[in-house]
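Reviewing the structure listed below.
None of the figures in this text is laboratory data; all of them are computed from the coordinates on show. These figures come from a predicted structure and were not determined experimentally. Counting neighbours? That spans all protein chains shown, and the Cβs are built from the backbone with ideal geometry, glycine included.
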Amino acid sequence: DSTTQYDAIVIGAGFAGMYMLYRLRQLGMSVCVYERGNDVGGTWYWNRYPGCRCDIESLCYSYSFSPELEQEWSWTERYAAQPEILQYAKHVADRFDLRRDIRFRTTVTAAFFDEKSNKWQVTTSDGECARARFLISAVGCLSSGIVPDIPGLTDFKGAWYHTGSWPHETVDLSDKRVGLIGTGSTGIQFSSEIAHSVGHLTIFQRTPNYSVPLCNEPLDKKDLEEAKANYRSMRALCRYSMAGSPYVGNKKKAVDDTNDSRERNFAAAWDGAGFSFVFCYSDLLLDIDSNRTAAEFVERKIREAVKDRAVADLLVPQGYPLGAKRLCVDTGYYQIFNRDNVSLVDVRESPIEYITPTGVRTLHEEYDLDVLVFATGYDAITGPLLRMDIRGRNGRSLRQKWREWPQSYLGLMMEGFPNLLTITGPGSPCVLVNMIVSIEQHVEWIADCIAAMDRDGKQTIEPDAEAESSWSNMVDEIANSTLYPLTDSWFTGKNVNGKSSRFTPYAGGMGQYRRICEEIVEDGYRGFRFDAGCAKI
Ligand code: NA7
């Protein structure tokens, strides 16, 4: 067999793939990482649109595994912009000499499990085949962008872009008539950044989102010295926290507070904002009445910021709880609507009918545009996995298995797919928490599991069907105890035509999830079977 053999193949060289490679090397394994981009960084490699910035604080949106790395890298802002995060990813790749095991510009198209050899065979876009005992997906949760199927796009004479595959060369938007479709986190970041420099910005909004201020600021020498001296305790807090960030949330419920005290508390949270806003009471994502108090506060803030009452009416979210769609975090978003060169079009009231060679035609009006930008989101969490044709035991495909519902045990492994491990897969906390904390926990769990298998002479690991289904039911139950499923969103898959819709991430929090994973290991990998037939539950 001339096929190249590895101990492990990792798909993706973003933050998950890079750290996985680092840990597998420490186990002495031969590893190949396939990466479709030209360099490391994943999300931060592809998302180069103006205004792209992480809305988790830099000091905790960074690797914790190397104290030396922590000390030598100095973040410049409380919330880092995309170029700085990409620079950090490149620095990590250089520092740990990761690139020599990464095959860039190579997309994995298919993978099947060969039951005779207990190996995964992987096929890539350049027709190459490789085999490995372990196949580890590090494809990310938001890497499969969606451009809506609007008639006429191919006839559009101007330039058009999806924010998740923004060109590497500078796109000159100055003085251009720019159309933006989508007002999620990305659309809000993009429009706030460019409104001041474009000729005219037309924002096509279907659903208004709740957005709170980012309150970004430079990190000075003193901030950094203090952070560097306290990294260990901050990381420990993140690891066992709800959201993978060092917020100490308020234990009080909003419904139990008096009106005056609640107003003061919301105002203080607004002044520090970022995601900590939703933790200013313990029940904002659990109790609809509490949630309403926060939503009303944000509504007042929107109305204070936007001068035109009719525009403010359109920007105020209606009919779904704050935070049920991912909360947006902005820098001066609502204020851009006071500018003469920004207009808001309600495409729920007047839907986009088609794209013309010169712009966008809605039911009631035509808009002339030079550039059209789609900030229309992603086929989240399962999308990047299902783009590949993955087949496990008996040739059964993952697409088939997940037709109804993406069942997984711990978001880490699927029954019928031995030795396939998914970093931040469906059923893990993934997108509900700081992704780096989530990634590090999965990578470390996987590396420890492989080391334990080698110690015990086990070839394969696979979850038991019963463990997988009870985990998936629990993910569902926890989601249903929150307000998240009360609206359609990319969390539920409803943003993708024909996608099975269930709330996909584990909503019990990072700390609780980590404890469960630890207990399962202490209990001899409860719910997993090692080698065919060695069930242990
Ligand atoms: P999101 O949050 O999925 O936002 C996509 C936006 O695009 C949202 O406002 C959608 O409206 C809108 N959309 C999608 N399709 C259409 C069509 N056909 N017409 C009009 N509007 C449309 O994606 P983001 O990239 O902003 O954020 C994804 C995550 O990336 C973010 O949460 C961070 O974790 C990073 P809808 O709400 O569906 O009515």
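Among MET435, MET453, which comes first, second and so on when ranked by fewest other beta-carbon atoms within 10 Å? Walk me through the numbers on the way to the answer.
Numbers: MET435 24, MET453 19.
Arranged by neighbour count, lowest to highest, MET435, MET453 become MET453, MET435.
When a/c is below 1.5 the answer is rounded, else prolate if a/b is larger than b/c, else oblate, so apply that to segment 95-230 with a ≥ b ≥ c taken from the square roots of the Cα gyration tensor eigenvalues. If you can, show how the numbers build up before the last one.
Details: a/c = 2.41, a/b = 1.36, b/c = 1.78.
Oblate, because a/c is 1.5 or more while a/b does not exceed b/c.
For ASP448 and GLU128, what does the FRET efficiency come to when R0 = 45 Å and r is the distance between their Cβ atoms, rounded to the nearest 0.05?
0.90
From the phi of every residue in segment 116-126, what ³J(HN,Hα) in whole Hz does the Karplus formula 6.51 cos²θ - 1.76 cosθ + 1.60 yield, where θ is phi - 60° and glycine or proline is x?
Residue by residue, segment 116-126 yields 5, 9, 6, 10, 8, 10, 10, 10, 10, 4, 8 Hz.
If amide H atoms are built 1.01 Å from N in the plane of the peptide, which residues on other chains or at least 5 residues away come under 5 Å of the amide H of TYR6?
Under 5 Å from the amide H of TYR6 lie the amide H atoms of ARG131, ALA132, ARG133, each far enough along the sequence or on another chain.
Would you mind computing, in nm to one decimal, how far apart the modelled labels at ILE288 and ARG339 are, each placed 7 Å from Cα along Cα→Cβ?
3.8
Give the distance, in whole Å, between the Cα centre of segment 504-523 and the Cα centre of segment 19-88.
24
Do you know the relative contact order of the chain, to the nearest whole percent, from alpha carbon pairs under 8 angstrom that are 6+ apart?
19
Efficiency by 1/(1 + (r/R0)^6): what FRET value for LYS307 and GLU366, r their Cβ-Cβ distance, R0 = 41 Å, to the nearest 0.05?
Step by step, r from the Cβ atoms, then E = 0.95.
Return the long-range amide H neighbours of ILE390 (sequence gap of 5 or more, or a different chain), with a cut-off of under 5 Å between placed amide H atoms.
Result for ILE390 returns ALA111, LEU398, ARG399.
Let me spell out the model: positive unit charges on the Cβ of Lys and Arg, negative unit charges on the Cβ of Asp and Glu, origin at the Cα centre of segment 213-318. What dipole size does that give, in debye rounded to 20? Please list the in-between numbers first.
Working: 17 positive and 18 negative charges, 81 e Å.
The calculation lands at about 380 debye.
What list of ³J(HN,Hα) values in whole Hz, one per residue of segment 240-251 in order, does the Karplus curve 6.51 cos²θ - 1.76 cosθ + 1.60 (θ = phi - 60°) give from phi, with Gly and Pro shown as x?
Per residue, the Karplus-derived 3J(HN,Hα) values read 10, 8, 5, 10, x, 10, x, 7, 9, x, 6, 7 Hz.
Compute the separation of the alpha-carbon centres of segment 315-393 and segment 260-294 and state it in Å as a whole number.
The two parts, judged by their Cα centres, are 26 Å apart.
If exposed means no more than 15 neighbouring beta carbons inside 10 Å and the site is in a DSSP loop, what's the longest run of the chain without any exposed GluC sites (Glu not before Pro)?
Within the chain, the longest run free of exposed GluC sites (Glu not before Pro) spans 170-348.
Each residue of segment 476-481 in order: what ³J(HN,Hα) in whole Hz does its phi give by Karplus 6.51 cos²θ - 1.76 cosθ + 1.60, θ = phi - 60°, with x for Gly and Pro?
Taking θ as phi minus 60°, the curve returns 5, 4, 4, 4, 6, 8 Hz for segment 476-481.
State the extension gain, in nm to one decimal, for the chain segment bounded by ALA159 and ARG232, taking 0.36 nm per residue of separation less the distance between their alpha-carbons.
21.6 nm
Rounded if a/c is under 1.5, else prolate if a/b is larger than b/c, else oblate: which is segment 264-398, with a ≥ b ≥ c the root eigenvalues of its Cα gyration tensor?
Oblate, since a/c reaches 1.5 and b/c is not below a/b.
Ranked by Cβ crowding within 10 angstrom, fewest neighbours first, how are ARG361, ARG105 ordered?
In order of increasing Cβ crowding within 10 Å: ARG105, ARG361.
Which of ILE181, ILE102, ILE478, ILE381 has the fewest other C-beta atoms within 10 Å, and how do the rest follow up to the most?
On the way: ILE181 25, ILE102 22, ILE478 17, ILE381 28.
Starting with the residue having the fewest Cβ neighbours, the order is ILE478, ILE102, ILE181, ILE381.
Could you list which residues have their amide H under 5 Å from that of VAL342, counting only those 5 or more apart in sequence or on another chain, with H placed in the peptide plane?
Counting only residues 5 or more places away or on other chains, the set is LEU201.
At 222 nm, what value in deg cm²/dmol follows for the chain if DSSP H runs of at least 4 each add -39500 (n - 2.57) and the sum is divided by all its residues, to the nearest 500?
For the chain, the value works out to -9000 deg cm²/dmol.
Given a Förster distance of 35 angstrom, what is the FRET efficiency for LEU69 paired with ASN38, based on the Cβ-Cβ distance and rounded to 0.05?
E between LEU69 and ASN38, to the nearest 0.05, is 0.90.
Which of rounded, prolate, oblate describes segment 23-101, given a ≥ b ≥ c as roots of the alpha-carbon gyration tensor eigenvalues and a/c under 1.5 marking rounded, otherwise prolate only if a/b is larger than b/c?
oblate
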